[in-house]
Amino acid sequence: TLRFHRPVCICPFTMCLQCLPILSAVYNTYLKYHFVSAFWKEVADDFFWKKPATGPMLQYNFDVTIGNIYVKCMEGAKTNMCYNVLDRLVRERNLGEKVAYYWEGNSPDHHMAITYSQLLSQVCRCANVLKKMDRVSIYLPMIPELVYTMLACARIGAVHSIVVIHTVFIIYGVYRGEKLINLKQIADEALEKCREIASSSVTKCLIVKHHALRTKSGAACNKLQTPWDSECDVWWEEVMRDSPEECEPEWLDAEDPLFILYTSGSTGKPKGVLHTVAGYLLYTSLTFKYVFDHHHDDVYWCTADIGWITGHSYITYGPLANGATSVLFEGIPVHPHVGRFWEIIEKYKVTKFYTAPTAIRLLMKYGREPLQKYDLSSLRILGTVGEPINPEAWQWYHEAVGKGRCPVVDTFWQTETVKHSYLTLNPHLIFQTFPFFGVEPTILNEHGEELEGEAEGYLVFRRPWPGIMRTVYRNHERFENSYFKKFPGFYVTGDGCRRDKDGYYWITGRTDDMLNVSGHLMSTAEVEAALTEHPAVAEAAVVSRPHKVKGECLYCFVSLKDSREFTHTLVEELKRLVREKIGPIATPDFIQNAPALPKTRSGKIMRRILRQIARNEKDLGDLSTLADPKVVEELFSQRCEAA
Ligand code: PRX
């Protein structure tokens with residue numbers, strides 16, 4: 001099997017003489033494995049199949065001009081995701097006593113270890129509860145119950161995250177840093193809206209009481225004073241207590257859906273990205289194993305939220321499929337102090353650490369001192385995901401956190417691609433170098449022509465791999481239009497890419513109207529739609545502006561209706577509106593009054609100019625298509641300097 005060598009040379013040069021033989025050995029093995037079709041069969045042999053596949057490992061059509069786009073993996077096979085990530089390990093691999101998760105709460109006083117057998121029994125209990133319910137939606141923070149419910153869904157073949165819900169899991173209240181958040185109330189309000197718009201509504205809410213609220217200090221729980229609907233609301237603890245510990249898994253078809261995860265679409269309406277059982281199992285487990293060079297005694301920690309694809313793939317399914325021990329962290333990096341991450345690494349002797357550039361930039365602000373109090377010598381590999389990592393952040397991660405001896409794997413991927421499409425095998429390069437097994441990238445120009453050698457253009461993939469998304473939930477046409485129509489024969493990532501003279505790939509950022517704030521994608525259209533819902537706003541245009549910690553932040557231009565005044569209160573109202581409609585991550589940093597917006601003569605907003613105004617770039621280039629050049633001057637004179 002392929003194993004990345006370690007310890008990796010710590011020389012500061014790329015490809016030094018000591019590194020070169022190691023890297024070339026890895027690279028040769030890598031090339032050998034990259035497209036061997038028997039390879040996927042070999043990967044599948046590690047897992048349990050109730051019924052073997054009757055079709056080939058992978059079938060597909062990527063060309064809209066030939067017919068419908070489809071991808072199928074191991075057609076005819078029957079299996080169960082939950083069985084493979086729990087029962088198989090407990091029964092066949094004797095890993096029952098191994099810790100699956102070290103749960104670390106928001107407060108350092110709250111923590112627990114959960115073994116694979118304990119996890120299996122909790123999941124089975126939960127699955128038995130769920131069997132009595134209909135459709136399921138989950139609204140839980142980073143607590144063990146979240147993993148139990150996801151896996152319970154996978155066990156009984158329920159797709160997690162759906163539109164019309166009948167049963168919902170929610171938490172009573174939760175601390176985020178110092179702040180107590182009344183999630184039950186938020187969920188109640190959302191459910192009320194569901195009842196208004198959907199004919200079939202939620203009939204049961206299973207309410208988890210957070211660990212922190214079960215203890216003495218949980219007296220604050222009473223502060224929440226949340227209404228209780230005795231017909232609908234049920235305490236999780238009560239139903240779980242009476243539920244049996246055995247639950248036969250449902251044997252599903254390889255191509256049955258596993259989950260749906262919503263991601264922003266460039267037209268503003270979120271897309272329900274659908275993933276299926278077998279392909280997702282093979283690909284998350286394999287990427288986890290190789291990207292993090294997983295070993296039995298590792299303690300792995302991914303700081304992402306499970307509600308994000310990174311959490312689905314690299315906190316829940318990927319690590320469990322490998323029998324890994326992970327840290328499940330509920331808190332935030334700066335509570336109760338700014339060294340919390342480093343404290344946790346020391347406490348659990350974390351060997352593999354995976355986080356986002358935005359978290360690195362946040363912690364960089366506090367300098368190296370908070371790190372010096374803790375022993376980080378257990379660390380072997382550092383990972384990054386979510387957005388391009390800037391050289392300064394990479395340097396700090398590599399030197400201050402990894403002490404210059406841990407490779408940094410920069411993983412580029414998308415909710416749609418499910419897991420790492422690219423990774424950095426070379427620890428000294430700060431960009432995505434090689435595609436993962438089965439992934440064949442290429443770069444196209446605007447006319448869809450493939451570019452050879454040193455080039456920059458659209459990043460596309462020529463063929464699928466087992467874990468690529470299958471469709472947009474209930475909208476296959478949107479799936480085809482979004483990813484396959486622009487360049488027939490290719491999956492279009494929406495990202496720009498540069499290939500340098502050595503053949504390495506650099507991701508340069510989005511090529512559509514998407515913004516990447518703290519590693520979270522959102523569309524400008526989505527934010528504009530939220531802003532224009534305010535009765536005072538006639539028109540809105542949103543662009544990105546670089547931000548020291550978040551990478552990018554939102555800079556919004558709003559044109560008000562006649563007679564409406566641009567005031568501080570209005571700005572606050574608009575921020576709140578966007579937060580409510582889209583989420584806290586989308587809260588605009590800047591809102592500028594725009595008596596008029598720069599438009600072409602045909603009425604199209606010239607976002608390029610707005611972006612330059614937001615960034616205070618005075619050299620505006622060709623303005624000949626602009627209908628009224630005076631607008632630009634006025635906007636420049638009123639631009640926001642500080643948030
Ligand atoms: O633009 C790329 C950026 O994030 C997008 C995918 O976002 P999302 O579906 O929310 O998935 C995030 C989890 C992977 C990509 O199209 N992106 C993600 N990782 C990187 C990145 N850009 C540069 N480097 C990365 N490592």
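The values are calculated or read from the model by the stated rules, or taken from the named source; none is laboratory data. Predicted, not measured: the structure shown is a model, and the values here were computed from it. A quick note on method: Cβ atoms are made from the backbone with ideal geometry, for glycine too, and the neighbour counts reach across all protein chains shown. Surface accessibility is based on the protein's heavy atoms, side chains included, excluding ligands, DNA and RNA. Shrake-Rupley method; radii C 1.70, N 1.55, O 1.52, S 1.80 Å.
A few notes on this one:
- Working from label points 7 Å from Cα in the Cα-to-Cβ sense, the Gln185 to Glu246 distance is 4.6 nm.
- Computed on region 83-155, with alpha-carbon pairs under 8 angstrom and 6+ residues apart, the relative contact order is 27 percent.
- Using a simple spin-label model with pseudo-atoms 7 Å out from Cα toward Cβ, Lys604 and Glu450 lie 3.0 nm apart.
- Largest to smallest accessible area among Lys131, Lys373 [probe 1.4 Å]: Lys373, Lys131
- Extending 7 Å from the Cα toward the beta-carbon at both Lys373 and Trp235 defines two label points whose distance is 3.7 nm.
- For region 251-366, the Kirkwood estimate of the hydrodynamic radius, built from every pair of different alpha carbons, is 15.8 Å.
- A Förster radius of 45 Å, combined with the Cβ-Cβ distance separating His337 from Phe566, puts the computed FRET efficiency at roughly 0.65.
- Computed over the chain: relative contact order in percent, which uses C-alpha pairs under 8 Å that are six or more apart: 11 percent
- For region 519-631, average projected area of the Cα convex hull in nm²: 7.5 nm²
- Note on region 595-629 and region 40-116: Cα centroid distance 50 Å, given to the nearest whole angstrom.
- Interchain or long-range residues, amide H under 5 Å from Tyr175's placed H: Ile181
- Accessible-area composition of region 489-575, carbon plus sulfur, in percent [1.4 Å probe]: 48 percent
- Cα point-scatterer Debye curve for the chain, base-10 log of I(q)/I(0) at q = 0.09, 0.10, 0.11 Å⁻¹: -0.79, -1.00, -1.23
- Close amide-amide hydrogen proximity is noted between Leu58 and Met74, each under 5 Å apart and 5 or more residues distant or on a separate chain (H modeled in the peptide plane; Pro and chain starts excluded).
- Extreme residue, positive dipole direction of the chain, given options Cys406, Met469, Val558 (C-beta unit charges): Cys406
- Fully extending the segment from Asp622 to Asp502, taken as 0.36 nm per residue of separation minus the present Cα-Cα distance, adds 39.7 nm.
- Shape descriptor for region 226-297: Rg over Rh equals 1.13 (Cα atoms; Rh from the Kirkwood inverse mean 1/r).
- Bridgeable lysines around Lys352 (alpha carbons under 30 Å apart, same-chain partners fewer than 8 residues away excluded): Lys32, Lys41, Lys98, Lys179, Lys289, Lys365, Lys373, Lys403, Lys419, Lys548, Lys550.
- Local electrostatic count at Thr569 - Lys and Arg +1, Asp and Glu -1, tallied over other residues with Cβ under 12 Å: 0
- Restriction of the GluC sites (Glu not before Pro) in region 569-638 to DSSP coil positions whose beta-carbon has at most 11 other beta-carbons within 10 angstrom yields Glu617.
- The accessible-area ordering, largest first, of the residues Arg608, Arg545 stands as Arg608, Arg545, per a 1.4 angstrom probe.
- For Cys553, nonlocal amide neighbours, meaning residues 5 or more places apart or on other chains whose placed amide H falls under 5 Å from its own, are Arg545, His547.
- Cα gyration tensor, region 484-550 - rounded (a/c under 1.5), prolate or oblate: oblate
- Among beta bridges identified by DSSP and lying wholly in the chain, the antiparallel ones come to about 65 percent.
- Sorting Arg93, Arg470, Arg601 on solvent-accessible area from highest to lowest, probe radius 1.4 Å, gives Arg601, Arg93, Arg470.
- Sorting the segments 189-196, 529-536, 396-403 by their mean number of nearby beta carbons within 10 angstrom, highest to lowest, gives 396-403, 529-536, 189-196.
- Summed side-chain charge close to Ala113 - residues other than Ala113 whose Cβ falls under 14 Å, Lys, Arg +1, Asp, Glu -1: +1
- Phi-derived couplings, Karplus 6.51 cos²θ - 1.76 cosθ + 1.60 at θ = phi - 60°, listed residue by residue for region 507-512: 7, 9, x, 6, 10, 10 Hz, with x used for Gly and Pro.
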